[in-house]
Structure formats: C-alpha cells, structure tokens
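The values are calculated or read from the model by the stated rules, or taken from the named source; none is laboratory data. What you see is a predicted model; the values in this text were computed from it and never measured. Cβ coordinates were reconstructed from backbone atoms using ideal geometry, including for glycine residues, and neighbour counts include every protein chain displayed. Protein only, heavy atoms only, side chains kept; ligands, DNA and RNA dropped before computing areas. Shrake-Rupley method; radii C 1.70, N 1.55, O 1.52, S 1.80 Å.
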Amino acid sequence: MKKLFIIFSLFFSVAQAQQNCNNNVLTPAEFNSKYAQLAKQQGDRYKLDFCTELMRNKCLTSMQVKQFAMLFNNENSRLQFAGEAFLHTVDAQNYYEVYDAFKNFSTAFKLHDIIYGTSIPAPPKVVVIPEPPHLIFPLCDNYKGPKGCGLPLADNDFELISKGIGNQPNDMLRAQAALNLIKANCISMAQLMRLCMGLEMESNRLAFLKEAFAKVYDQGNYSYAAEVFSHIPYKNDWMDYAENKLTPTLPPVVVCTVTPAEFDQIKSSINKESVSSVRITITKQILSAKKCFTCVQVKEIVNLMSFESGKVEIAKYAYDFTIDKENYYTVADAFSFSSSKEDLMKFIKGKN
C-alpha cells in the first residue's frame, strides 16, 4: 500500500511540474548563451541565484542540467542546484544523466534520495532536443575572424525558417532543403551545425558542411563543427578542408634576375653610346626597367661610365634596383678616387 502511494505521489508531482513547464524548454541557442553567462558568475552563490532566476521562466533538459551542474565548484552547491532543477526538467526519465556531474558517488546517492524522497517520478514522454549532449555551439558575438557572408540570421528567425527541414523523409531531401535555406541567407557556424545534425549519415554531414561552408558568417569557428562527427577520419577530413579554404593563396614567387646573356646585351647597348650624357640616360632607363641587378653587375655597369662623376651618379641611381643591397659597399671598388667612395658610403648609410 505504501509503495502504491509513493508511485501515485511521484506521478502527481511530476505531472504538475510538467504542466508548469508548459513546453517552455530552453532552446539550444538560449542554452549556449546562458551557459556562457553562468560560467562567468563569480562563486557558487551567484551561480545558484542565476539558475534559480532562469528556472522561473524556463525548463531544462536533463543534459542541460548536467552541463550547468558541472560549472559549480562545490559538490554541495552542485547537489543543491540539481535537486532544485529536477522539478524544472522536461525529461526527468533521463535524470540519471545528472549523476555523472558529481565527483563523489555519495553525492550522487544523495541526489537520488532527494529526488525520490520528494516523490518525483518520470514524467510523460516529451520531444527530445536533437543535438547530442557533447555538442558545444560557438558564439559569434563580436566575432573578428574570416567571414563568408554578412550578419547571420537571428536565432529566432533561424528556428522558424528551419522548422520544416527535419520533416523531410531522408538525408538527401533534408540536405537539399537546408542548402536552399543557406543559399538565401547568411548563417552562423552554430546554425550550420544544427542543420548538419539533422542528417543521419556522417558522410552526408561531411559533404553538407563542405558545400555550405562558403555561406557561413563565422568561418573561423570551423573547429566546433568537427564535433558533429564521432569518427576521427571524418573529423580530420573536415578540419583539413576548412583550414585549406581559409589559408590565403599566395601568388607565386617571381625570381628577379638578369641572366648572363641579358647582361651581355645590356652592356653592349650601353657601350654603343659614345656621348657620356646619353650613356648615363640609357643606363638609367635600363636599370629602372629590369630592376633585378646584383652588386657585381652594378659594379660592371658603373665601370662603363666615361667619367668619375657619371660613375657616382649611376652607382647611386642603381641602388634601388639591386637585389643584394647588403653587398652594395662593393660597388665602391669601381671608383678611382677615395672621395667618390666616401660619397657612396654616406649615400648607402642614408638609405638604411
């Protein structure tokens, strides 16, 4: 008789709690936000107050209770929160999951006694949130990394627009419906992950992530999406794909050189000019056009000038078109006068 009374009272208590919840369950997006806020609370007392205020208006899943509970520092505070949260839980039949939040078995047993000592049973079956418990969604507030599109959909709008996608009968149709949504909207990485979890096969999830990645706002949060896979090869494939997509493609390095054949032709062209001023003008044109001379080549060109003043002029002009400027002091060997060498050294010093 006593056992029947306990069972009846348990059912009555949870039925009442279920009615109080009114299906007002904390959504994944809301949970992510509240989880981040709770983690910032200083001390367990503030965390308890935060959770109490939250549960006045919202109900939780057992897994959300577990994840909240693990943010408490003290076992007793964790126990107090878990005991209070039971009456605000929509899937109390899964409440055994919360036991894993405790470090000591004795505390888990205390929670068991609290729950069943207050006559709280398993409630009727409710709709379970599809995301697996280990999945942590990134926040894109104040995001500064690489972006694939403008601002993403607000979470409320996303929930409304994506509601019918899960009703599609197979992965192919669900993926196509999700891609149609993405083509018309910018989404966040968290929203992409939720769409992805609607696909049953991991190979389909991988293909979907890759195809949708270009329209994701916070692309730099790609590592979070690896958690939609349970198999390491799929995780690695996704990480490699995203990293390669976000790695900038550098232009090929062009080696700047003047080949021996080209240099012989350059010297021949300079030597053809007999007038000193014209020779200087032609030399400057060649230097600025090629821009890839070594100090050895510059020294030879300087030696082609007829007068010392012309040599100094060309030596200074050629500096900007030389690829090994650290050796430019060797060009001074082309001068006949020490004053010219000193003049060039001062010029080089002023350039550095």
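Assess whether residue 167 counts as being under 13 Å from residue 216 (Cα atoms), of a type outside the set (Lys, Arg) and over 15 Å from the mean Cα position of the chain (by Cα).
Spelling it out, it is not the case that residue 167 is under 13 Å from residue 216 (Cα atoms), of a type outside the set (Lys, Arg) and over 15 Å from the mean Cα position of the chain (by Cα).
Just to be sure before I move on: is residue 235 on the phi > 0 side of the Ramachandran plot and either open to solvent by 60 Å² or more (accessible area, probe 1.4 Å) or within 46 Å of the chain's Cα centre (by Cα) (or both) in the structure I sent?
Criteria not met by residue 235.
Of all residues in segment 72-94, how many are in a helix (DSSP H, G or I) and within 24 Å of residue 45 (Cβ to Cβ)?
Residues meeting the conditions: 14.
For segment 185-226, how many residues meet the condition of being open to solvent by 10 Å² or more (accessible area, probe 1.4 Å), closer than 19 Å to residue 140 by Cβ and without any contact (Cβ under 8 Å) to a residue 40 or more places away in the chain?
Residues meeting the conditions: 5.
Among the numbered criteria (1) under 14 Å from residue 149 (Cβ atoms); (2) within 14 Å of the chain's Cα centre (by Cα), which single criterion is violated by residue 225?
Only one criterion is unmet by residue 225, namely (1).
Which condition does residue 70 not pass, out of (1) open to solvent by 40 Å² or more (accessible area, probe 1.4 Å); (2) under 31 Å from the mean Cα position of the chain (by Cα); (3) at pLDDT below 90, if it passes all the others?
With respect to (1) open to solvent by 40 Å² or more (accessible area, probe 1.4 Å); (2) under 31 Å from the mean Cα position of the chain (by Cα); (3) at pLDDT below 90, residue 70 is out only on (3).
Kindly indicate whether residue 260 is under 30 Å from residue 206 (Cβ atoms) and out of contact with any Phe, Trp or Tyr (no Cβ under 8 Å at 6 or more places or on another chain).
On the way: under 30 Å from residue 206 (Cβ atoms): no; out of contact with any Phe, Trp or Tyr (no Cβ under 8 Å at 6 or more places or on another chain): yes.
In short, no.
Grab the helices (runs of 4 or more DSSP H) fully contained in segment 229-313, keeping just those with 3 or more residues being of a type in the set (Gly, Ala, Ser).
260-271, 276-290
Filter segment 75-90 down to the residues that are buried (at least 23 other Cβ atoms within 10 Å of the Cβ), out of contact with any Cys (no Cβ under 6 Å at 6 or more places or on another chain) and under 15 Å from residue 25 (Cβ atoms) and list them by number.
85, 89
For residue 240, are the conditions met, namely being within 30 Å of residue 202 (Cβ to Cβ) and open to solvent by 80 Å² or more (accessible area, probe 1.4 Å)? Before you say what the answer is, go through the steps one by one.
Details: within 30 Å of residue 202 (Cβ to Cβ): yes; open to solvent by 80 Å² or more (accessible area, probe 1.4 Å): yes.
Yes; evaluated as a whole, the condition is true for this residue.
Only one residue in 320, 324 is in contact with a Cys (Cβ under 9 Å, 6 or more places away or on another chain) and loosely packed, with under 14 Cβ neighbours inside 10 Å. Which one?
Exactly one residue qualifies, and that residue is 324.
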